[in-house]
Amino acid sequence: SKEEIESESAQHWFAAHVRRFVVHNFRSSKFLVSPPSFERHRRFGHHGLPKVIPIPREDPMGASPNLPERTLDGGSARLEFFSDAILAIAITLLILDIHVPRVNQHQSLAHALFHLWPFYLAYALSFCTIGLIWVAHHSLFRRIGDVDRLLLLINLSLMACVAFLPFSTAVLAQYSWYHSSGSSTAVALYSFNMFVIGVAFLGLWLYLASHRHLFLGHIERGALRASIVRSVIVPGAYLTTFGLAFVNTTTCYVIWLATTVYIALGPATRKIPVWTANPSHDRSK
């Protein structure tokens, strides 16, 4: 009938316009249009439209077997953002262990505040330490162009050790001075925490020394070896205080302060130049 003919013509007109729209808009998107073929049933579906095949996405729990995986992350920005967040949280948590003292009308607030000096000392020591870890971490990774999976895991272990530091700082402030029975244990715990932080940071240097292609440009082996030797001093100092904790806790504080000054000088990263093989990766500015 006439109505059927008009309806069929309208359907063909609509199908043709939809086909043009799909071909024009989906060729450059996340879909693949099957290539032309001499067999119409392979090119088009039942309604005359091109077959649209979605590209398989990556499994959120792992890499998809149908897609190639990048061997490198393509930059250290995400690693640095994650590390900055962990360091910022850890350095903020330090102040939470210093509580406002409660005094009555017969007590002196000044005396109560002065009585908290072990907490002030532990806070200042750990604040400077975490701050210097951030400086050293930033100074190292501004020389890194790419990261891989193992480097991410080593950095994750470093962040785990840093995140534990507020707890060991609280134990140190609470027990290192006024409780002689637990002072050695508190100092040993803090020393061990700082030792594993130093070892984790040394692990970054050792891994980068054997994977120099991750740097922005060419790095001399001699300069890397010198940086590694300088980095060994820090965990070595804290390992020494771990043993001295059961002999003289005051000496441990002196060594900690000296080590903090040594870290502040940046002997490991300051000797490594900021090479830039690729101008687009220049991060020295």
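What follows is calculated from the coordinates using simple rules that are stated; it is not laboratory data. As the structure is a computational prediction, the values presented were derived from the model and not from experiment. All Cβ positions, even for glycine, are placed from backbone atoms using ideal geometry, and neighbour counts span all protein chains on display.
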Exercise. Please arrange Val261, Val162, Val196 by counting, for each residue, the other beta carbons lying within 10 Å of its beta carbon, fewest first.
Key: Val261, Val196, Val162
Quiz item: Residue by residue, what Karplus-based ³J(HN,Hα) values in Hz, rounded to whole numbers, does region 120-132 have, using 6.51, -1.76 and 1.60 with θ = phi - 60° and x for Gly and Pro?
Solution: 4, 5, 5, 4, 5, 5, 6, 4, 5, 5, 5, x, 6
Quiz item: So how far apart, in nm, are the two label points at Ile255 and Asn104 if each is 7 Å from Cα heading toward Cβ?
Solution: 4.4 nm
Quiz prompt | His211-Ala163 pseudo-label distance in nm [points 7 Å out on the Cα-to-Cβ vector] | solution = 2.1 nm
Exercise. Pop the C-beta distance of His218 and Ala88 into the FRET formula with R0 = 30 Å and round what comes out to the nearest 0.05.
Key: 0.35
Quiz prompt | Amide H partners (placed H, <5 Å) of Phe215, local residues excluded | solution = Gly145
Quiz prompt | Relative contact order of region 146-235, defined on C-alpha pairs under 8 angstrom at six or more residues apart (%) | solution = 32 percent
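With a 10 Å Cβ neighbour count serving as the proxy for reagent exposure, in which order, fewest first, do Trp117, Trp177 appear? Numbers along the way, then the final one.
Numbers: Trp117 11, Trp177 18.
So the ranking, lowest neighbour count to highest, is Trp117, Trp177.
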Quiz item: Mind listing which trypsin sites (Lys or Arg not before Pro) in region 113-191 are in a DSSP loop and have 16 or fewer other Cβ atoms within 10 Å?
Solution: Arg142
Quiz item: In which sequence would Met194, Met159 go, from the one with the fewest C-beta neighbours within 10 Å to the one with the most?
Solution: Met159, Met194
Quiz prompt | Gain in span if fully extended, Phe127 to Asp148, counting 0.36 nm per residue against the direct Cα distance | solution = 4.6 nm
